[in-house]
Structures are given as C-alpha cells and as structure tokens.
Amino acid sequence: MTHPGSAPRADGPEPQDTRRDDPSPARPVLAITGLDVHYGLRRRRRKVLHDVTLSVAPGETVGIVGETGSGKSTLARAVLGLVRASAGTVTVAGEDVTGHSEAKWRRLRRRGTVQYVFQDPLRSLDPDLTVADSLAEPLLLRGVPRGEALARIRPLLERVRLPGELLDRLPGEISGGQRQRVAVARALVTEPELVILDEPVSALDSANRVQVLQILKELRTTGVAIVLISHDLGSVAGIADRIAVLYRGELVETGTARDVIRRPRHPYTRLLVSSAPTLHTAPADRAERAALRAALTT
Amino acid sequence: MLRRVLSLPAGRIAVAILTVVALLAVLGPVLAPHDPLATSARTLAPGSGTHPLGTDYLGRDVLSRLLAGSRVSVLGSLEVALTALVVGVVPGILSVYLGRAFEWVTLRVVDTLVALPFLLFAVAVIALLGNGITQAMLVTGVLVSPLFYRVSRAATLTVARSQYVEAALIAGASVGWVVRRHVWVKVLPPIAVALAQTIGVGFVIVSSLTFLGIGVQPPEPTWGGLLASDLGYLSYQPWAPVAPALLIMATVWACNLLADAIRDVSGEAGRALVAHRRLRAGRRGRTEPAPTGGAS
C-alpha cells in the first residue's frame, strides 16, 4: 500500500483504476490561457506566473505541484480573482473573468461555482464563529434563510465524516483534522463545480491525511472538478487524473498522473519524483538527484 | 460579552458600582432629601439625621448636592467617551477599507489632533460654541478620539489581513458583511476597554473642570464643585471632601476594573472561558442521572 504522504516511485504500485488518461472533452470548468501575473510596481515589479495554460474538465482532478515560491498559490488566487492577471485569460464555468470588476466577482463568488480550501484551517475559520456559523456563511451570503442554511449543512457533516455535535463548537475546540474537514465541508456547501485545495493535507497527520484524501476521492465521483495544490507529489499522485508541474512560475510539464510519475520529462519533475520519500529510499539515487539539481541551477 | 464580564468577580463589582452611579444620575435629583440650592443657618454642620453628610459653608445639604451633581459628572464623562467613539472608531475601521486617500487624510487628521495643544484648542472651540460643560467635554472627546482611531484601526488591520476574512470574500462577502460579521466582534473588545477607561478619564476631567469652576456656574452642584467648596473649610470640617472624593474615586476605579474585566474575557481568553464553561456543563450533564421513560 502506498503511504498517502509518500510519492509512488516510477516502479511503484499502479495508479488507481478510477483515474482517466483522457480528460473529458466537455466544456472545461476552468480554462487558463497564457496567464501572466506580476507582483510589485515599477522597479519592484517581478513576474510570478508566466504563460500558464491549463484547463480542468468537469469531474477532473488536476494536481498542481511545485516547490515553495513556484507560484502555485498565486495561480489559485488568480483563478479566484484575488490577484489581477497581467496578461492572458481565465475562464470559469464558461465565463471569462479576466477583466471582472469587484462587483462582478462578488456576484460570481456568491454563486459558489468555485470554492477554495486554505492550507491552514485554523486561520481560515473565524475563531469566534461556531462550526455551524462558518459552514452556513456561504449560504447566508447567497440569501438563504438561516434555518434553511443550518438544515443544509447537516448532511454535509456526514459527508466529511464529522459528528453533528461539532456544529456548536468553536474552531479552537476541535482537532486539526476535524478543522480541515470543516473547511472542506464549507467549500462544498454551495455545491461548486470546481474546488481548489491549497495543500489540504500538508498540516495533517497520516490518519487525517488518509481521511481527507478519501473524502476528495469520493467528491470526484460526484462530478466536482478538483484542483489540488501541493508541494508533495505523493499527496497528489494518489488522487489526480492529471498533474501539472509548476517551476519558477512556469508550467514545465503537464500530463496524466501516470505519465508524469513514470516518465517525467523535465529535469525538475524528475527531481521531484526522485526526491519523493518512500519507505525504501535508495541511497544510490542521491547522485542522480544531485545531478538533476545541478542541471536545474545551470 | 456582558455575561462573560459578569462571570468575573471584578466585572460584577465594576458593573454594580457603575449601575449605582448611573441610577444616581437618573434618580439623584429625585432622591435628594433637600433642595440642593437651599441655604440655611446651619453652616458646616456635621452629619445628622436631617443632613446625613452634613452641610456646607452656606448651610446646603451635602448629600442632596452630591446626588443632584451626579448627572453632570455622568453625562459629561459619557459625552467625552461617545464623542471619542464616534469621531475615532468609525474612521478607524473605514480607513482600512475605503482606499488610500481616505486612509492618508484620516491619519494626518489624527496626527494633527495628537499634536494640538489642548488648552488652545479648547479655548478656540469654547470661543466658537460658547462656555459650558457640554462644549468642554466635546473638545475633550475630540482630543481623545485618536486613541480610539488607532485602537480600532490596528484591530481592523489585523482582522482584515486574516485568512478567514479572505475566505469570506471568496464566498462573496461585501465589505459591510465582513465588518459586521468578522471585524466588529474582534474590534469591539479593545474598543470596549478603551471606552471604559475613557469614561473613567472623563469623570476625572469633568471633576477637574468643575473643581476649577469651568463649565458649570455656581451654585449648580457638581462633584468637583463640592470638592472645591469643601477644601476651603478643611480646618473646620476635615472630613467634608471625603464623600465627593470617594464617589469620584470609586467611579473611576470601577471604570478601570470594568476595562480590565473586558480585556480578560475577550479574545483568546474569552474563548477559553466559553470552552471551560461548556466543559463544566458537559460534566454536570454526565453526572446527572439519566432520565427514565418519557417521550424520546
């Protein structure tokens, strides 16, 4: 069995049968074309994303993998309208959102088509709001009456395997794993077409990691598209249909999870695959990794 | 918040004292046993059945003057606090959300207010609006408002950059929603602490001004005025300033005690208190015998 926190090696177990090598040809729920994002002004202006092109079909799970500072979170923030694109287009559920005003973004967000799960659930849940209040917030923002909103969040708790008694608790009174599942439930409350998860399991222990990944696997079967952002290839490999590798703001490799893991083309992807920890890490790979690092730095 | 404050002994004492003071302000003139302005031949008399706190140098009943003077002190201190609250908190919170131009202007206004000499400003305002305790307290409130501006702005900045606010924005929240649902709750405790302290400071300022005879013209009774008139006759009646001084001291002390209690029950400490109570309630529930029979 592959440990959820470890990447399957090229010679490791076969990826799951449920993943599709050919993504659905249906209208993509997310289409990014030639996306550039810059931070800073004038002399401090620096490029964070360059010419990123990616599409996610309904029900598809795409993993975006890269090291810290590679632009993974910026990509997610650009899709959510939290940072402006310098060039390129972003289309969400068929709607070009690139030039959207704040009011248009608010309307789109209230529809709940795209949802986002933060890396740290403790900070992404208001410490003064109960779990019920946090879960109901997206519905209240859509104008759903409070009573109805509370009725709609109960089944969600079962879906993320949380007991109903947690509804009256504050985020600080529940465990880290429970908090992350609350964050996932909050993302699902508006029945989104696309859920972007930023390192959803990186702060969790193995048991909770397995549970969250299992919830995401079940979510795929309902037709929700998932974008899974992670620096850990292992977390993504077990669940993603496709993997996109982001390196220094550029997508250097995109392919099916099987291809990216078994036949990595870019040196950075090869380094990621060979660096993934396993229970049987071969010391002999060290030389190969050093060579790849040297190739990347030159 | 009030329930949490009342769960602390310090909070209960503070609220009890301030409730008494508030009642004195409302009912004081009615409760006064004598006319606070009526003079008599019994000057500087010690406490007795007719005059429990004695009489002053004009033979006026000290207790009646103390009760009648409560309203000026309470209203004056509330005026300071409410002026500072409105002038400071509203722009303090909005400065985070209404763009850089608004932020820059409000910051410069606050810097100016901090640098403004109190007396010069007070004289200018009183010259414009006329002499009176209301005008004096208005000036004081405006000059105290930078404290509220900075406290509310700092608290709002911390919350505005938090992930749960970003999560709310991603869910489609407007600025108004974010302020009402997420910011206000976090900003309220530090503001409440500042407010309680400012009310205390307001009492001291009102008492000081009336002690100096500014704002309220004699023979109108005030706590500060009582203190001043009694001080002139210390050699005949050394205990005379004790009652007004104690009243001022107890009120200011209660305000500070309340500020401490609010600080102790807000934020992380407050959440811990709620969690502790819930745990205790849970334990009590478990130790109670299970109900037998009845509808489920």
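The values are calculated or read from the model by the stated rules, or taken from the named source; none is laboratory data. This structure is a prediction, so every number in the text was calculated from the model and none was measured. So basically every Cβ, Gly included, is an ideal-geometry build from the backbone, and we count neighbours across all protein chains shown. Please note that ligands, DNA and RNA were not included when accessible areas were found on the heavy atoms of the full protein model with its side chains. Shrake-Rupley method; radii C 1.70, N 1.55, O 1.52, S 1.80 Å.
Of note:
- Largest accessible area first, the listed residues B:260, A:126 line up as B:260, A:126 when surface is computed with a 1.4 Å probe on the assembled protein chains.
- Chain pair B, A: total accessible area buried, heavy atoms, 1.4 Å probe, Å²: 2200
- Share of carbon and sulfur in the accessible heavy-atom surface of the protein assembly as shown [1.4 Å probe, %]: 60
- Paramagnetic reach from residue B:175 (point 7 Å along Cα→Cβ, amide N under 13 Å) across segment A:63-107: A:102-103
- The mean number of Cβ atoms from other chains found within 10 Å of a Cβ in peptide A:106-119 is 3, as a whole number.
- Rounded Å value of the spacing that divides the Cα centres of segment B:112-170 and segment A:237-272: 56
- Across segment B:143-274, the volume of the C-alpha convex hull divided among the residues equals 132 Å³ per residue.
- D_trans [Stokes-Einstein, Kirkwood Rh over alpha-carbon pairs] for segment B:26-94, 10 °C, 1.306 mPa s, µm² s⁻¹: 114
- For A:230-243, mean number of other protein chain Cβ atoms within 10 Å: 0
- Base-10 log of normalised Debye intensity for segment A:74-165 (one unit scatterer per alpha-carbon) at q = 0.26 Å⁻¹: -1.35
- Applying Stokes-Einstein at 25 °C and 0.890 mPa s to the Kirkwood radius of the protein assembly as shown, computed over alpha-carbon pairs, gives a translational diffusion coefficient of 85 µm² s⁻¹.
- For the residues of A:161-172, the average number of beta carbons from a partner chain within 10 Å of their own beta carbon is 1.
- Normalised alpha carbon radius of gyration of chain B [divisor 2.2 N^0.38 Å]: 1.27
- Span-rule helices in chain B, defined as complete DSSP H runs reaching 20 Å or more along the axis (Cα) with Kyte mean at least -1.0: B:9-31, B:62-97, B:99-115, B:133-160, B:184-211, B:242-265
- When the Gaussian network model of chain B links Cα atoms closer than 10 Å, the mean-square fluctuations of B:235, B:70, B:40 top out at B:235.
- Histogram of C-alpha separations across segment A:30-255, 5 Å bin width, %: 1, 7, 15, 18, 19, 17, 12, 7, 3, 1, 0
- Size of electric dipole in segment A:30-255: Cβ of Lys, Arg +1 and of Asp, Glu -1, about Cα centre, debye, nearest 20: 720
- Stretched out straight at 0.36 nm per residue, the stretch from residue B:50 to residue B:23 would grow longer than its current Cα-Cα span by 7.5 nm.
- The protein assembly as shown, accessible area per residue, ligands and nucleic acids excluded (1.4 Å, Å²): 47
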